[in-house]
Amino acid sequence: AQSVTQLGSHVSVSEGALVLLRCNYSSSVPPYLFWYVQYPNQGLQLLLKYTTGATLVKGINGFEAEFKKSETSFHLTKPSAHMSDAAEYFCAVSVSGGSNYKLTFGKGTLLTVNP
Amino acid sequence: DAGVTQSPTHLIKTRGQHVTLRCSPISGHKSVSWYQQVLGQGPQFIFQYYEKEERGRGNFPDRFSARQFPNYSSELNVNALLLGDSALYLCASSLQGVNTEAFFGQGTRLTVV
């Protein structure tokens with residue numbers, strides 16, 4: 001079974017500062033990893049995903065994440081925060097091949113951006 | 001292009017009642033998944049259907065059921081509603097499994113009183 005731990009339920013940064021949202025996963029098979037963003041009263045939007053290949057993944061809105069197998073991590077970063085980045089962010093894991101029918105989500109990290 | 005559409009967007013039900021939530025996937029997508037998101041938590045997997053067959057089921061009681069129709073739309077049914085069933089119910093569609101990118105709808109906010 002796979003699981004996801006997001007460190008920090010709430011992260012607050014100043015506009016223009018680095019954004020770092022932490023995600024660690026557990027999976028008995030090679031994982032597929034995802035970051036989703038959720039704005040208030042909205043569904044989830046995919047920011048980026050790692051399946052195979054390059055471990056540094058670039059996504060939308062200037063976000064990127066690096067898959068580190070040795071650390072079982074998939075942290076999300078953005079060099080310079082914008083007010084519009086304020087939202088809840090979810091890390092998710094799925095298994096590669098076979099029963100790739102579900103996403104297992106972390107509890108989420110609420111990002112606040114201060115002017 | 002229409003995204004994933006869910007109906008209704010909000011509804012209020014009384015304990016013990018039954019509810020049906022509906023989802024229309026993106027055109028061409030054959031897989032629909034359902035998730036429950038309780039306030040302050042991440043989404044929890046309920047069901048996945050692919051080509052009208054159940055392919056996965058999460059750890060939810062038998063009060064929860066679903067089906068997928070020939071046009072790939074889907075319904076989630078919940079019987080004997082409990083207060084704890086109050087949540088945002090999200091539908092996601094994808095070409096096959098979720099690794100082919102799952103697109104989420106806006107969700108249905110269910111309140112049980």
Around A:Leu33: net Lys/Arg minus Asp/Glu count, Cβ-Cβ under 15 Å: +2
Distance (nanometres) between label positions extended 7 Å along Cα→Cβ at B:Arg15 and B:Gln41: 1.9
Highest-MSF residue in chain B out of B:Ala92, B:Ala80, B:Ala102 [GNM, Cα springs under 10 Å]: B:Ala80
Label-to-label distance, nm, for residues given as B:Ser73 and A:Lys58 (7 Å Cα→Cβ offset): 4.1
Environment charge of A:Thr55, counting only residues whose C-beta is closer than 9 Å and scoring Lys/Arg +1, Asp/Glu -1: +1
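With contacts defined as alpha carbon pairs under 8 Å and 6 or more residues apart, what's the relative contact order of region A:48-101 in percent?
21
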Average partner coverage of A:36-48, which counts Cβ from other chains inside 10 Å: 4
For chain B, built as a Gaussian network whose Cα springs stay under 10 Å, the top-fluctuating residue of B:Ile46, B:Ile26, B:Ile12: B:Ile12
Charge context of A:Ser80, other residues only, Cβ under 13 angstrom, K/R +1, D/E -1: -2
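No lab work stands behind these numbers, since they all come straight from the coordinates. From a predicted model like this one, the values you see are computed outputs, not experimental measurements. Cβ: placed from backbone, ideal geometry, glycine included. Neighbour counts: every protein chain shown.
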